[in-house]
Amino acid sequence: MQTNREIEQKAKDVLATQRDELKKKYSVDNTGIGYKIRNGKLSDTIAILFYVKRKKTKEELMSEGITPIP
């Protein structure tokens, strides 16, 4: 099992090489690394965060040809 430090480093590596592509592909303003929020509560799961001005509905994303991220 990987440690949080190893997972965080992998996320950093992904963003270092893929940030611009992720921003363009998913139509986001910025990306970062942090902890996942579940049911309004901060978890201990490291995640790549996507920052947007306005969260779009699944239907809006799909109509723009963007695959929603679960």
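The values are calculated or read from the model by the stated rules, or taken from the named source; none is laboratory data. All of these numbers come straight from a predicted model, not from anything done at the bench. Here the Cβ is made from the backbone with ideal geometry for all residues, glycine too, and neighbour counts use every protein chain on show. Quick note on the areas: whole protein, heavy atoms, side chains included, nothing else; ligands and nucleic acids left out. Shrake-Rupley method; radii C 1.70, N 1.55, O 1.52, S 1.80 Å.
Key figures
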{"quantity": "Relative contact order (percent, whole number), the chain, Cα cutoff 8 Å, 6+ residue spacing", "calculated": "26 percent"}
{"quantity": "Rounded accessible area per residue of the chain, 1.4 Å, Å²", "calculated": "84 Å²"}
{"quantity": "In nm, spacing of pseudo-spin labels at Met1 and Ser43 (7 Å Cα→C-beta vector)", "calculated": "1.4 nm"}
{"quantity": "Restricting the chain to GluC sites (Glu not before Pro) in coil, as DSSP defines it, with at most 14 other Cβ within 10 Å", "calculated": "Glu64"}
{"quantity": "Carbon and sulfur %, accessible surface of the chain computed with the full protein complex present, 1.4 Å", "calculated": "52 percent"}
{"quantity": "Lys12 versus Phe50: modelled label distance in nm, points set 7 Å from Cα along the beta carbon direction", "calculated": "2.4 nm"}
{"quantity": "Rounded, prolate or oblate (a/c below 1.5 giving rounded, otherwise prolate when a/b exceeds b/c) for the chain by Cα gyration tensor", "calculated": "oblate"}
{"quantity": "Residue-wise HN-Hα coupling along segment 35-45, computed from phi with Karplus coefficients 6.51, -1.76, 1.60 (Hz; x: Gly, Pro)", "calculated": "10, 5, 10, 10, 6, x, 10, 5, 9, 9, 8"}
